[in-house]
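For reference, the structure is listed below as structure tokens.
The values are calculated or read from the model by the stated rules, or taken from the named source; none is laboratory data. In this text, all values refer to a predicted model and were calculated from it rather than measured experimentally. Neighbour counts run over all protein chains shown; Cβ positions are idealised from the backbone, glycine included. The area values use the complete protein model at the heavy-atom level, side chains included, leaving out ligands, DNA and RNA. Shrake-Rupley method; radii C 1.70, N 1.55, O 1.52, S 1.80 Å.
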Amino acid sequence: MRCNYPLSKFTNRVFATIAILMLFSFSVVANPQAITITGTVTSSSDGLGLPGVNIRVKGTQVGVITNMNGNYSVEVPGNNAVLVYSYIGYETQEVTVGNQRIIDVVLLESAQELEEVVVTALGITREEKSLGFSVGSVDGENMTRVAQENVINSLAGKISGVTVNSTGGTGSSVSMVIRGASSLSSDNQPLFVVDGVPVINTLNNTTQFGARNIVDYGNAISDLNPDDIESVSVLKGPSAAALYGSRAGNGVVLITTKSGKGVRGVSVNITSNTVIDRPYKYFPIQKHFATGYFSFTPENYPGSVMTVDPAQAAGAGIETDKGYFAIQWQSPLDANGNKVPIELVSYPDNFANFVQNGITTTNGASISSNTDVVNYRLGFTNMSSWGMVPNSDLFRNNLSFAGSVKAHEKLTISTNFNVNRSWSNNRPSSNRGTNPLEWAAKVPLNINILDLEDYWEPGQEGVQQRTPKNGLYNNPYFLAHEINNSFVRDRVYGNLKAEWQITDDISLMGRYSVDRYSEKRE
């Protein structure tokens with residue numbers, strides 16, 4: 001190969017380029033501004049070194065972790081560099097290097113990332129991992145994501161081993177069983193303790209007015225306002241509930257209500273939510289035959305007038321929606337007062353047309369404040385609920401107050417009390433015979449249930465209900481609007497507590513508690 005370029009000049013340029021690259025590389029490696037920082041990271045709780053603390057130069061990917069003793073060494077680009085110290089369970093800290101070459105850091109435990117703590121018997125707060133029994137816990141925020149008129153419904157599916165069943169309908173009783181039923185002679189319901197006060201959760205629901213008019217007035221824990229709850233702890237084992245005696249044989253549900261602790265300055269909180277309940281599924285029913293014992297057609301009985309008798313409730317009569325005509329309950333009268341045959345059609349959506357969407361609206365407001373000496377929270381909540389059964393409802397007003405004052409360096413006086421009223425204009429009967437839902441399901445297929453909305457027999461208003469067959473059927477609208485079971489329940493529960501901190505590890509507490517209610521049913 002022939003080269004016209006002088007070799008000496010080419011060689012000189014190559015060496016010059018290599019020399020420049022070497023100088024550049026040396027300046028990068030031997031940057032005189034690089035600074036080595038050493039130090040130790042310790043915990044604020046015990047002063048011991050923390051292994052595995054992440055130390056990163058802010059704005060870069062440069063970083064190291066501490067060794068088993070909490071020691072570290074890291075290079076930073078200059079005095080303006082910022083080191084970020086982060087560790088699980090501790091607050092993240094940032095330190096500007098400046099003129100420092102040894103930087104020791106004490107990390108503070110994070111209040112939000114500490115080991116999970118739960119409230120146990122007598123209101124004592126302990127770390128969950130230190131307990132010798134099983135405890136489930138739910139915070140108040142998770143209980144109010146979907147508003148419920150009964151606080152127990154909010155626990156459904158949130159704690160293992162806890163079964164929550166509702167009998168359905170606005171304000172109806174809710175059963176809560178922990179780790180399965182243990183008795184055939186009791187209701188297996190746990191003991192509820194609100195701010196240290198054991199509260200009654202069962203009321204007498206066997207009282208009835210009239211024949212077969214058994215009404216579910218709900219259980220008394222429904223008086224508690226879900227918006228006032230800070231946390232719930234469920235003590236599952238017998239040893240966990242031993243301090244509450246035989247009443248806690250089925251477990252204990254400890255409820256702690258909100259207070260002004262943790263609030264900065266004065267805080268005003270306003271909440272409003274609405275939940276709509278829609279029927280999910282209906283009972284399957286046959287949709288092809290009117291009432292009757294035999295299914296016959298005009299072809300089999302030529303010239304005869306077919307009649308559908310509501311008293312023949314077997315539901316195996318004449319086939320509907322075939323263009324057949326028959327004398328029915330709702331047939332009009334001719335000039336001579338005789339019923340005229342009308343087409344036999346089916347109304348398979350009768351039950352769906354009877355029920356309605358349930359609506360529950362909850363509005364609340366609270367004001368809270370916190371200082372070194374005094375903290376308080378005052379709240380008011382109104383709940384209005386209309387059920388899926390026509391003319392069924394439930395209302396509740398809650399007034400709550402929680403406060404504490406540091407009367408002395410070692411003496412703290414606190415109180416929690418709740419005043420509420422629950423009432424309803426109508427609690428539908430849940431017993432066979434007077435339950436509106438039962439008779440809505442029994443309306444014959446060939447009768448439109450909407451024809452029964454005017455539930456008084458013409459000319460006998462206030463005396464006789466209008467039904468397909470008097471003495472055999474009840475009109476579901478009549479039962480819903482005329483057989484009304486109302487109640488009003490007033491309740492007060494709470495406590496007054498004084499706590500004297502004798503030493504850092506020993507305190508003396510005295511508490512007066514009350515749970516009183518009165519109820520009127522009509």
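Key figures for this structure:
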{"quantity": "Solvent-accessible heavy-atom area per residue, rounded to whole Å², over the stretch 35-85 at 1.4 Å", "calculated": "50"}
{"quantity": "Listed residue pairs exceeding 26 Å between alpha carbons, taken from K261/K410; K469/K520; K236/K410; K258/K281; K281/K469; K158/K520", "calculated": "K469/K520; K236/K410; K258/K281; K281/K469; K158/K520"}
{"quantity": "For the chain, calculated [θ]222 nm from helices alone, where every DSSP H run of n ≥ 4 adds -39500 (n - 2.57)", "calculated": "-2500 deg cm²/dmol"}
{"quantity": "Which label in [x] 82, 31, 17; [y] 46, 28, 23; [z] 71, 39, 19 gives the computed semi-axes √(5λ) of the Cα gyration tensor in Å", "calculated": "[z]"}
{"quantity": "Added length on full extension, which subtracts the Cα-Cα distance from 0.36 nm per residue, H481 to V275", "calculated": "71.8 nm"}
{"quantity": "Residue-by-residue Karplus 3J(HN,Hα) for the stretch 343-354, coefficients 6.51, -1.76, 1.60, Hz, glycine and proline x", "calculated": "5, 8, 10, 9, 10, x, 9, 4, 5, 5, 6, 7"}
{"quantity": "Distance between modelled label sites at T92 and T297, nm, 7 Å Cα→Cβ extension", "calculated": "7.9"}
{"quantity": "Chain lengthening between L472 and H288 when straightened (0.36 nm per residue, less Cα-Cα)", "calculated": "64.0 nm"}
{"quantity": "Rounded FRET efficiency, nearest 0.05, which uses the C-beta distance separating N69 from L496 and R0 of 60 Å", "calculated": "0.75"}
{"quantity": "Peptides ranked, highest mean first, by Cβ atoms within 10 Å: ranges 478-487, 356-365", "calculated": "478-487, 356-365"}
{"quantity": "Residue-normalised accessible area of the stretch 225-297, given per residue in Å² at a 1.4 Å probe", "calculated": "62"}
{"quantity": "Per-pair calculated FRET efficiency, R0 = 45 Å: N382 and V345 via Cβ, rounded to 0.05", "calculated": "0.50"}
{"quantity": "C-alpha long axis of helix 7-29 to longest principal axis of the chain, angle in °", "calculated": "70"}
{"quantity": "Of all accessible heavy-atom area on the chain, the percent that carbon and sulfur account for (1.4 Å)", "calculated": "54"}
{"quantity": "Accessible solvent surface per residue of the stretch 430-511, calculated while the other protein chains remain in place, 1.4 angstrom probe, Å²", "calculated": "51"}
{"quantity": "In Hz, Karplus ³J(HN,Hα) per residue of the stretch 380-387 (6.51, -1.76, 1.60; θ = phi - 60°; x = Gly, Pro)", "calculated": "9, 9, 10, 10, 10, 9, 10, x"}
{"quantity": "Residue-span extension gain [N80 to D334] - 0.36 nm each, minus C-alpha spacing", "calculated": "81.1 nm"}
{"quantity": "Distance (nanometres) between label positions extended 7 Å along Cα→Cβ at D104 and S186", "calculated": "5.8"}
{"quantity": "Estimated vicinal HN-Hα couplings, Hz - the stretch 418-424 in sequence order (Karplus 6.51, -1.76, 1.60; Gly, Pro = x)", "calculated": "10, 10, 9, 10, 10, 8, 8"}
{"quantity": "Accessible-area order (highest first, 1.4 angstrom probe) of the listed residues L508, L155", "calculated": "L508, L155"}
{"quantity": "Accessible-area ranking of Y244, Y217, Y282, largest first, probe 1.4 Å", "calculated": "Y282, Y244, Y217"}
{"quantity": "Computed label-point distance, nm, for sites A316 and R421 using a 7 Å Cα→Cβ extension", "calculated": "5.7"}
{"quantity": "The stretch 416-448: trypsin sites (Lys or Arg not before Pro) in DSSP coil with no more than 10 other Cβ atoms inside 10 Å", "calculated": "R432"}
{"quantity": "Between the stretch 309-357 and the stretch 420-439, the alpha-carbon center distance in angstrom", "calculated": "29"}
{"quantity": "Dipole magnitude of the stretch 368-446, debye to nearest 20 (Cβ charges: Lys/Arg +1, Asp/Glu -1, about Cα centre)", "calculated": "160"}
{"quantity": "Rounded FRET efficiency, nearest 0.05, which uses the C-beta distance separating E453 from D505 and R0 of 56 Å", "calculated": "0.20"}
{"quantity": "Solvent-accessible surface (1.4 angstrom probe) belonging to R179, in square angstrom, nearest 10", "calculated": "140"}
{"quantity": "Amide hydrogen neighbours beyond the local backbone of Y90, cut-off 5 Å, H modeled", "calculated": "S110"}
{"quantity": "Mean separation of Cα contacts under 8 Å (6+ apart) over length of the chain, as relative contact order %", "calculated": "10"}
{"quantity": "Accessible area in the full protein assembly, largest first, 1.4 Å probe, for R212, R491, R466, R516", "calculated": "R516, R212, R466, R491"}
